[in-house]
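Notes to accompany the following structure.
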Amino acid sequence: MPTIHDFERAFGFVLYEAARLYGKRFDHKARALGLSRAQCHVLFRLAVNEGANQARLAELLELEPISLARMIDRMEEAGWVERRADPADRRARLLYLTSKAKPIFDRIVALGAETRGEALTGISPADRDRMIELLTQVRRNLSERGTLEPEHSNAGERA
C-alpha cells in the first residue's frame, strides 16, 4: 500500500506554489505597466547590466539565447529596449534601456516591493532574512549542479 505524502508540506510543492502565486500577483500588478513579469525581469537585469550583449543577458537570466532573442524582438518593437552595434564586434549587438523604459524601472522596483510586502506579511524581519539566505543557498545549489553535472539520459541504459 503506497504511503500518503503530505504534499502541502513537501518542499518542492510549497516552493512551486509560493512562487506561482507570487508571480501571479506580480503579473497582475505589472499589467498596469503594459509588461509581463518576464519582461520586467529582463528590464531589471538589463538596467543593472546595461550594454551587455544578448548572450551575456541570456546567461544572467538563465534563459536559452533564442528565447531571449524573441523576447528582445518584441520588447524592441514596443520601445522598451534598443540594440546598438558593438564597436568591438560587428556581428554583436549591445542592449540598452530606452528613454521609455528608464522611468518604468522605478515602478517595477516599487511593484516588487509591494508584492514582497504582501507575501511576507506576518513574518518577522529575522525570519525574512533567514528565509532569503536559505532560498539563496537552494538556488546556488541547483544552479551549480546544473552547470557541473552532465544530464542523465536513458539512451545509454537501453544499449
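Tabulated data for the structure shown
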| item | result |
| --- | --- |
| Residues satisfying the stated conditions in the stretch 133-156, i.e. within 26 Å of E64 (Cα to Cα) and either surrounded by 10 or more Cβ atoms within 10 Å (Cβ to Cβ) or at pLDDT 65 or above (or both) | L135, T136, Q137, V138, R139, R140, N141, L142, S143, E144, G146 |
| Test: residue in the stretch 78-97 that is at pLDDT 90 or above, surrounded by 12 or more Cβ atoms within 10 Å (Cβ to Cβ), under 28 Å from V138 (Cβ atoms) and of a type in the set (S, T, Y) | no |
| Matching option when the condition is on the phi > 0 side of the Ramachandran plot, over 17 Å from the mean Cα position of the chain (by Cα) and at pLDDT below 95, among G12, G34 | G34 |
| Where a residue in the stretch 120-133 is within 19 Å of A19 (Cβ to Cβ) and its partner, wherever it lies, is small (G, A, S) and surrounded by fewer than 11 Cβ atoms within 10 Å (Cβ to Cβ), with Cβ under 7 Å and at least six apart | none |
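To keep it simple, each residue is scored yes or no on (1) outside any helix (DSSP H, G or I); (2) of a type in the set (A, V, I, L, M, F, W, C); (3) on the phi > 0 side of the Ramachandran plot.
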site	(1), (2), (3)
G23	no, no, no
D27	no, no, no
Q39	no, no, no
L46	no, yes, no
M71	no, yes, no
G79	yes, no, yes
R90	yes, no, no
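The values are calculated or read from the model by the stated rules, or taken from the named source; none is laboratory data. Remember, predicted model here, so these are calculated numbers, not experimental data. Cβ coordinates were reconstructed from backbone atoms using ideal geometry, including for glycine residues, and neighbour counts include every protein chain displayed.
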